[in-house]
Amino acid sequence: MAVHVARAVGMVTPEVTPDRLDHRRWLFPAGVMLAILVTSSVPGRPLPRDPGLYGLFGWVPPEIQNALHVPVYGMLAWAWCAALLPSATRFSVARLVASTVLTVGVGLLDETYQSLIPGRYSSLADVSLDAVGAIVGVIAFVILRTRRVAAARAARDSRTGSQSERT
């Protein structure tokens, strides 16, 4: 299945075959999704038999919890971009869109899951905040990756220029 998804977003090319995919790069998005799942599992009110999980996150006001959707889902979109574009110097629009769609899809699933947790509810406003976070994360990834590539090129060009001056 992973190979089919990799082919669909263009990760499997003649240079990158399925056996050469580095599976470690999927740990970052998996870790962020796991953190989202854990925090989504916190009940809206303390449960008599499980006050521990509520005690970890229950003190955060709902307004702050809602505001946290943007940076958390921005981080998830960043993680998907890093996994789908590990060392690219050029960006694939399909992979950037895939990162955004995957992130918003996780947000939709998370909101559905939250509706099953006692004292929690799902809302389209939260999904909208998730989508904003996804877009911000992808844009930040592109800007910072572009700067990093430009800095690497400038360093390479300065080394090449200083070497040609010596000869």
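The values are calculated or read from the model by the stated rules, or taken from the named source; none is laboratory data. Being a predicted model, the structure only gives us computed values, none of them experimental. As a convention, Cβ positions derive from the backbone with ideal geometry for all residues, glycine included, and neighbour counts pool all protein chains shown.
Would you call GLY133 touching a Lys or Arg at 6+ places or on another chain (Cβ under 8 Å) and of a type outside the set (Asp, Glu)? It is false that GLY133 is touching a Lys or Arg at 6+ places or on another chain (Cβ under 8 Å) and of a type outside the set (Asp, Glu).
Only one of the numbered conditions (1) outside any helix (DSSP H, G or I); (2) within 25 Å of GLY44 (Cβ to Cβ) is not met by SER87, and that is (2). Looking for something under 18 Å from GLY133 (Cα atoms), surrounded by 19 or more Cβ atoms within 10 Å (Cβ to Cβ) and at pLDDT 85 or above - is there at least one such residue anywhere in segment 38-58? Within segment 38-58, not a single residue is under 18 Å from GLY133 (Cα atoms), surrounded by 19 or more Cβ atoms within 10 Å (Cβ to Cβ) and at pLDDT 85 or above. When restricted to residues that are of a type in the set (D, E, K, R), over 15 Å from the mean Cα position of the chain (by Cα) and either over 23 Å from ILE64 (Cβ atoms) or in a loop (DSSP other than H, G, I, E, B) (or both), segment 92-141 contains 1. Give the residues of segment 93-116 that are touching a residue at least 24 places away in the same chain (Cβ under 8 Å) and surrounded by fewer than 15 Cβ atoms within 10 Å (Cβ to Cβ), sorted by residue number. Across segment 93-116, the qualifying residue is only ALA94. For the criterion of being surrounded by 16 or more Cβ atoms within 10 Å (Cβ to Cβ) and modelled with pLDDT of 90 or more, ALA79 passes.
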